[in-house]
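The values are calculated or read from the model by the stated rules, or taken from the named source; none is laboratory data. What you see is a predicted model; the values in this text were computed from it and never measured. Cβ coordinates were reconstructed from backbone atoms using ideal geometry, including for glycine residues, and neighbour counts include every protein chain displayed. Protein only, heavy atoms only, side chains kept; ligands, DNA and RNA dropped before computing areas. Shrake-Rupley method; radii C 1.70, N 1.55, O 1.52, S 1.80 Å.
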Amino acid sequence: MENNVEKSLRKSRLPVPPCRKRRPSGDHPAQSSGVMTVPWKRLKESHVDEPLTVKVAASIATSQPRLVSAVALPRPPVIGRQSLQVLQQNRSRVNSTASVSAKPKGAAAVAQPATAAPGKKRAAWDLKGQVNDMKGKVTNYKSRVQALSGEKANLQTSKEQLQKQVDLLSSQNSSLSQTLRSVESMLQYEQRRLMDAQAEVQRLSDLSQRLEAELSTEKCVSQELRTTNLSMAQQLKDKRERLACMEEENSGLQELVREQSVKLEDLKCHITEKDTQIYKLETERRLLHNSVQELKGNIRVFCRVRPILPSEKASSVGHIIFPPNDEKGIVLTKIEESRIGRDSCQPVKYNFNFDCIFPPTTSQAAVFEEISLLVQSALDGYPVCIFAYGQTGSGKTYTMEGPETLSGDTMGMIPRAIRQIFSSAEEMKSKGWQHKFTASFLEIYNETLRDLLVNQSDKRLEYDIRKVSPSSSEVYVTNLHYEEVSRAEEVHELLLRAKRNRSVAKTNLNDRSSRSHSVFQLKIEGENVVRNVRASSVLSLVDLAGSERLDKSLSTGDRLKETQNINASLSTLGMVITALCNKDAHIPYRNSKLTYLLQNSLGGNAKVLMFVNVSPMDENFSESLNSLRFASKVNECVIGTASANRK
């Protein structure tokens, strides 16, 4: 029967609405509730309160899918009164639009099809009635389709309007969100400014309190200053009165000053004249001093007999006689056996005369007093050489350096000479002289130079004696340590260092014999800026190694070689002095390192002093006699007139 109805409908050419497949209940989330929720674009979730629902009434056919009856929109963030008014207007517009669209425009109420009475079923034979029922249904369907089409169009229009409103609201929301961000940033900025303002207010409050405290203090000070000002004003008045009196006195003093200025100029001229006279007198003193030294001889010999040591016998000094009427004489006596076997005959006497004789009781200070004028000559610009000669154990080192522990009484010639040099240089500063001192200390051991101012471990350098220039006779030692000194204490430290480094050894004649020649030299450079005068000289203080005979010293090995070199160098020294005395054309300075180093201190421009040291022991008679004979030859030499190195 249904097939027949369909055929009849085709014949009547009535439009039949297409049958749509019903979607499952889970295809659309809003079908079950009849409400479709459209989400708002949110700017900040914290500002969304609850969704805003717009209801749309509609009547839908059972054959059509369930349409959206309501749109759920998120409520925009409430920011400002103006934005809230805009949202309310949009909400009312949406509600009105939805209400209008729920009613079909221009559509009348759909009439119910003429059908059979409810509960009454047509008979199977009533085909016409069935056809009429079907026609009524078709008409009803057509009306409903038309109504639904209009409703669909209205809904589509409402949808587009709502979409536009959603876009508009989204743009407004974006602008409002941007406005919110700017407002928040401004709020943060204003909060920071507020905090800064509060801090500034607090700072200004503290400052105000401090200023108030200071103001109160300043008020007190001001009050005190006012009081002080009054007193000062009174004092100023008194001072002005005194100033007036002082001005009167000042006028008198100015006149006195003018008179004194004239006198001062006269005194300056007088001082200049006196300075000139002093310089002339100083020059004359130097000349007279040098004349006295020349009269005494440019080569002088002092003889010193050392005292008896506690370990020696006092009866051993009978062979040395000091004539009571002759202060410059010394006599050695010896009883020689008779050659024919008789008893001892008269003692044999050996008489010697020197510039000065020092008995065993003579102190170090008394000995230095005799050479102090010679040391002064070194400061005046004359080269000076003082050396000690004698057999080993005769007291040469004690005379030149003193004992191991120095004191004011036992100090030797070298430290005393240094002390006098620096003391005299200090006195000469008032006369315009400035001095520079350079010290060196070396030893000549087995014809080899050694620097005594360096440690043993540092003695790896080679030392050689060379001339400063081909045209100069001044010599120097390569790689030698020359140390500039300005005080006597610095030189004393150098002497102690050199004493520790000097070569000594035990022999049959002396438990601690000096096995080398030690040479201390102090170069003195003086300048008088006022007079434009310069002077330079070298003070050489030499402690010669002890001379000894091989048959008595019983030296072997290294000691034998040392003794041979010592005796050879001492012999060369005697030859040089003899050649100078004889005024030979050739002086054998180069035969020995000692004479080559001291050639400028031994020649005609130098002043030479030799200490001949003698042992008081009778067993050393032969060595003492040889030493005195050598010293006597030196004392007879005249090497010429010394000249100062002055410019």
TODO: Work out the FRET efficiency for Glu489 and Glu404 from their Cβ-Cβ distance, taking R0 = 25 Å, and round it to the nearest 0.05.
DONE: 0.85
TODO: Return the sequence-ordered ³J(HN,Hα) values of the range 467-479 in whole Hz as given by the Karplus equation 6.51 cos²θ - 1.76 cosθ + 1.60 applied to θ = phi - 60°, using x for Gly and Pro.
DONE: 7, 5, 8, x, 8, 10, 8, 6, 10, 8, 10, 5, 6
Task: Filter on Lys334/Lys396; Lys499/Lys523; Lys396/Lys633; Lys431/Lys467; Lys263/Lys436; Lys263/Lys431 - keep pairs with C-alpha separation over 28 Å - done: Lys431/Lys467; Lys263/Lys436
Task: Heavy-atom accessible area ranking, 1.4 Å probe, most first, across Ile386, Ile587 - done: Ile587, Ile386
- [ ] Kindly report, to the nearest 10 Å², the accessible surface of Leu406 as traced by a 1.4 Å probe over protein heavy atoms only.
- [x] 70 Å²
Open item on the list: With Kirkwood's inverse mean 1/r over C-alpha pairs for Rh, give me the Rg to Rh ratio of the range 114-240, two decimals please.
Closed with: 1.92
- [ ] Mind checking the full-extension length gain between Ser372 and Glu525? Use 0.36 nm per residue of separation minus the Cα-Cα distance, one decimal, nm.
- [x] 53.2 nm
Open item on the list: Could you compute how much accessible surface His586 exposes when probed at 1.4 Å, giving the result in Å² to the nearest 10?
Closed with: 130 Å²
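How far, in nm, would the chain grow between Gln191 and Lys431 when pulled straight, counting 0.36 nm per residue and subtracting the alpha carbon separation?
77.9 nm
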Open item on the list: Expected output is a single nm value to one decimal: the length gained when fully extending between Thr179 and Ala199, i.e. 0.36 nm times separation in residues minus the C-alpha distance. What is it?
Closed with: 4.3 nm
TODO: With a Förster radius of 60 Å, plug the Cβ-Cβ distance of Asp275 and Val221 into 1/(1 + (r/R0)^6) and report the FRET value to the nearest 0.05.
DONE: 0.50
Task: Order of exposure, largest accessible area first, which applies to Lys152, Lys431 with probe 1.4 Å - done: Lys152, Lys431
Open item on the list: In whole Hz and in residue order, list the ³J(HN,Hα) couplings for the range 621-635 that follow from phi through the Karplus curve 6.51 cos²θ - 1.76 cosθ + 1.60, θ = phi - 60°; x for Gly and Pro.
Closed with: 4, 4, 5, 4, 4, 5, 5, 5, 5, 5, 5, 5, 5, 5, 5
- [ ] Would you mind checking which residues have amide H under 5 Å from Gly390's amide H? H placed 1.01 Å from N; only 5 or more apart, or other chain.
- [x] Ser547, Asn613
